[in-house]
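First comes the structure, then the notes that go with it.
The values are calculated or read from the model by the stated rules, or taken from the named source; none is laboratory data. Owing to the predicted nature of the structure, the values given are computational and were not obtained by experimental measurement. Note that we place each Cβ from the backbone using ideal geometry, even for glycine, and neighbour counts take in every protein chain shown. Side chains are part of the model used for accessible areas, which takes the heavy atoms of the whole protein and leaves out ligands, DNA and RNA. Shrake-Rupley method; radii C 1.70, N 1.55, O 1.52, S 1.80 Å.
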Amino acid sequence: MFSNVNDNIKNSPFVHNSLEREKVEIELLLQAIYRMYGYDFRNYAYDSIARRIRHGMNSLGEESISTLIAQVIHHPERMQQLLPFFFVNVTEMFRDPSMFLAFRKRIVPYLKTYPHIRIWHAGCSTGEEVLSMAILLKEEGLYDRARIYATDIDEAALEKAQDGIFPLRNMKLYTQNYIQAGGTKEFSDYYTARHDSVKFQSDLMKNIVFARHNLVTDQSFNEFNVIFCRNVMIYFNKLLQSRVHTLFHESLAPLGLLVLGDKESMLFNEHTRYYEAVDEDEKIYRKMK
C-alpha cells in the first residue's frame, strides 16, 4: 500500500512542478553568477551543482534559491560567501599511489630524453598532488629541468597550495601513499613539523608556477609534455567535458601525455581517436595526432 502512495507522490504534478521550479531557479542563479561575476558553472553536471547550491543556501540561511539570486545580484559579499560551495577540493599527496608508481616506471624514462619538461596540473586544488610530482621528479633527477604549472579556479585553494603547509594528522596517510608510489627516501625528510602542521621544503616550490585558470572559459596558455587533470571533469556535463578535452589536446605537445582520474576514462569520448593508452588502468594516455 505504502509503495503505491509513494509512487503517486513521486508522479504527482505538484512534485514535478516543484522539481521543475527548482531547476529553473538554479539555471537563473547560474546565469546571474556568470553575468555578474564571470564564473561559469552553467555546464556543470546538474545533480552535483544542485547539491552544492542547496548546501550553500542552507548554510547561509537563505529560505529559497530565489532569495539567493537576489542576494547574489545585489550584494557581492554574498557571492563571496557562496562561491566556496561551488568548489570541490578533494585531494591528497600521492593520491592513487599506483598511478604515481606507473608514472615513475613508465613515463619518467620517456621524460628523461627531454632537455626541458613542462607539466600542467589543471584543477590542482590545494596542491598536494603538485607537490607529490615535485618530489617524484626530484628523486628521479628531473626537477631542475622541469617547470610545473599548477592552476585552479579557486583562489583560496591556490593560496594554500603556495604555502606548502598541511595538517600533521595527514602525514601518516601521505607517508603510506609515498611508499606505495615508489618513494626512495624518508618522506619526513621533505618537511618540517610545526605544532599541528608541517611545512614542505621551499626548494620543492622553486619550479612551480601557481596561477588562476578557469577550464570553462580560459584558453590554452602553453605547450605541455604532460597534463594532469584528475577527477575534475566528473563534475562537468558532456558538453563541457568535450570543451576541456579540446583545450587539453591543443595544449599537449606531440606525443604528450594526458593523465586522468580513476573515475574518468577516454572511452566513449570523441577525442579517443587522438590518443593511445599507455596505461589504461591508471588512465595515462599519449597524444598521437
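Helix 13-37 versus the longest principal axis of the chain: what angle, 0 to 90°, nearest 10, using Cα atoms?
So the helix axis and the longest Cα principal axis differ by about 50 degrees.
Can you list which of the trypsin sites (Lys or Arg not before Pro) found in region 90-142 are DSSP loop residues with at most 15 other C-beta atoms within 10 Å?
In loop regions of region 90-142 (DSSP not H, G, I, E or B), the sparsely surrounded trypsin sites (Lys or Arg not before Pro) are Lys112.
If Leu137, Leu173 are ordered by their accessible area, calculated over protein heavy atoms with a 1.4 Å probe, which sequence runs from highest to lowest?
Leu173, Leu137
Could you work out the relative contact order of region 142-289, using alpha carbon pairs under 8 angstrom and six or more residues apart, expressed as a whole percent?
21 percent
Take Phe228, Phe268 and sort them by solvent-accessible surface of the protein heavy atoms, 1.4 Å probe, largest at the top.
Phe268, Phe228
Using a probe radius of 1.4 Å on heavy atoms only, what accessible surface per residue do you get for region 103-196? Whole Å² is fine.
Accessible area per residue, region 103-196: 48 Å².
Below 27 Å, Cα to Cα, which lysines can Lys138 reach? Residues fewer than 8 away in the same chain don't count.
Lys105, Lys112, Lys160, Lys172, Lys185, Lys199, Lys206, Lys283, Lys287
Given a Förster distance of 35 angstrom, what is the FRET efficiency for Gln31 paired with Val90, based on the Cβ-Cβ distance and rounded to 0.05?
My answer for the efficiency is 0.80.
Place a +1 charge on the Cβ of each Lys and Arg in the chain and a -1 charge on the Cβ of each Asp and Glu, then give the dipole magnitude about the Cα centre in debye, rounded to the nearest 20.
It comes to approximately 480 debye.
Any chance you could run the full-extension gain for Glu280 through Ala156? It's 0.36 nm times the residue separation minus the Cα-Cα distance, nm to one decimal.
41.3 nm
Where does the charge balance sit around Val259 when Lys and Arg score +1, Asp and Glu -1, over other residues with C-beta under 11 Å from its C-beta?
Net charge around Val259: -3.
Could you do me a favour and compute the accessible area per residue for region 207-289, 1.4 Å probe, result in Å²?
That works out to 45 Å² per residue.
Quick one: if the Förster radius is 35 Å, what FRET efficiency do Arg106 and Asp47 give, using the C-beta to C-beta distance and rounding to 0.05?
According to the calculation, E is roughly 0.50.
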